[in-house]
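The values are calculated or read from the model by the stated rules, or taken from the named source; none is laboratory data. Here the structure is a predicted model, which means the values were calculated and not measured. Here the Cβ is made from the backbone with ideal geometry for all residues, glycine too, and neighbour counts use every protein chain on show. Quick note on the areas: whole protein, heavy atoms, side chains included, nothing else; ligands and nucleic acids left out. Shrake-Rupley method; radii C 1.70, N 1.55, O 1.52, S 1.80 Å.
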Amino acid sequence: MRILIVPDLHGRANWHQSVTDFLTAATPADRVVFLGDYLDSFTVADQPMLDNFIDVLLLREREPERVVLLLGNHCFPYLFYPTFQCSGFRPQLAPALHILFKTHQALFQVAWQIGPYLFTHAGVSDMWMVANRLAIRLLLGHHARPDNLADTLNHLLASEQGRQLLWQVSGYNGGRNRVDGPLWVRPVHLSRGLLPGLIQVVGHTPQPHIHSDINEATQTGFIVADCHDHSPDEFLTLQLPQ
């Protein structure tokens, strides 16, 4: 099983050829995982950014079994407009994007998990798990554990209180607190509070190149794939046993 990871697009159209090439040669077991943040570019104009997002939606509709679309912090402000706020927000596009997100909400999820690999936009820190353990138990009827974490995060999306837990972010600088949520936390806090038995694959924080920090013996660590500010042609492909 191969998995192609597409990090934060922010309006970039550089994914088309790599994804097309991958899917052309892919087996039914293979997957393409988009890590969220399709919008809020600081360089791409409104119409190209909107067109690119529509292309992502069309791809997911054509390949429902092989393409996974995750939500990022730059998705929530449009999906749940006007509850959440984020830098780069395009108020002039908000009505159209809100309709697109709501109409196609079933195409998106917060997390995807296979074996020890957990895919989210920003990651899950141990402190976020500890701080929200009781709230998650009361909301969902079970505790969050490494083996059920993707399902837990996806179920949190269904309620306002759950969405607030996913969005949890420090006020002084988004994501720079160890208790910040799966849409915001930064790699420095993942490295200080790794969840044992999980290899987290995330975007959210730009890197010069794909950054990997994994203990193979314990299958614990993380990969940050968001490098397209500096390396637009660098895509990560994971090879997993089926």
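Observations
- Qualifying chymotrypsin sites (Phe, Trp or Tyr not before Pro) in region 35-135, where qualification requires a DSSP coil assignment and no more than 15 other C-beta atoms within 10 Å, comprise Phe42.
- Residues whose amide H falls under 5 Å from that of Gly181, counting only those 5 or more places apart or on a different chain, are Gln168, Val169, with hydrogens built in the peptide plane.
- Residues with amide H under 5 Å from that of Arg176, placed H, sequence gap 5 or more: Ser170
- Estimated D of region 140-234 in µm² per second, where Rh is the Kirkwood radius over Cα pairs and Stokes-Einstein applies at 25 °C, 0.890 mPa s: 169
- Modelled this way, with points 7 Å down the Cα-to-C-beta line, the labels at Ala45 and His98 are 2.6 nm from one another.
- Solvent-accessible area per residue for region 145-236 (1.4 angstrom probe, square angstrom): 44
- In the chain, the calculated helix contribution to ellipticity at 222 nm averages -9000 deg cm²/dmol per residue, counting -39,500 (n - 2.57) for every DSSP H run with n ≥ 4.
- Of all DSSP beta bridges in region 90-242, antiparallel share, percent nearest 5: 55
- Backbone N within region 4-41 under 18 Å of label point (7 Å from Ile214 Cα along the Cβ vector): 4-7, 30-35
- Result for the chain in a Gaussian network model with C-alpha springs under 10 Å: among Leu50, Leu71, Leu35, the largest mean-square fluctuation is at Leu50.
- Rounded to the nearest Hz, the phi-derived 3J(HN,Hα) couplings of region 118-128 under the Karplus curve 6.51 cos²θ - 1.76 cosθ + 1.60 (θ = phi - 60°) are 10, 9, 9, 5, 10, x, 10, 8, 4, 5, 5, where x marks glycine and proline.
- By the equivalent-ellipsoid construction on the alpha carbon gyration tensor, the chain comes out with semi-axes of 25, 22, 17 Å, ordered largest to smallest.
- When the chain is treated as a Gaussian network with alpha carbon springs shorter than 10 Å, the biggest mean-square fluctuation among Val130, Val56, Val185 belongs to Val130.
- Most positive-pole-ward Cα, Ser231, Pro241, Thr103, against dipole of the chain from beta carbon charges: Thr103
- For region 102-117, the residues whose amide N sits under 20 Å from a probe point set 7 Å from the Cα of Thr83 along the beta carbon direction are 102-112.
- Selected from Leu58, Leu23, Leu165 as most flexible by GNM, with the chain as the system and alpha-carbon contacts under 10 Å: Leu58
- Percent carbon-and-sulfur accessible area, region 7-114, ignoring ligands, DNA and RNA, probe 1.4 Å: 58
- Per-pair calculated FRET efficiency, R0 = 25 Å: Asp21 and Asn148 via Cβ, rounded to 0.05: 0.15
- Estimated FRET transfer efficiency (Ala29, Ser170; beta-carbon r; R0 41 Å; 0.05): 0.55
- Look at the alpha carbon pairs under 8 Å that are at least 6 residues apart: their mean separation over the length of region 14-72 gives a relative contact order of 49 percent.
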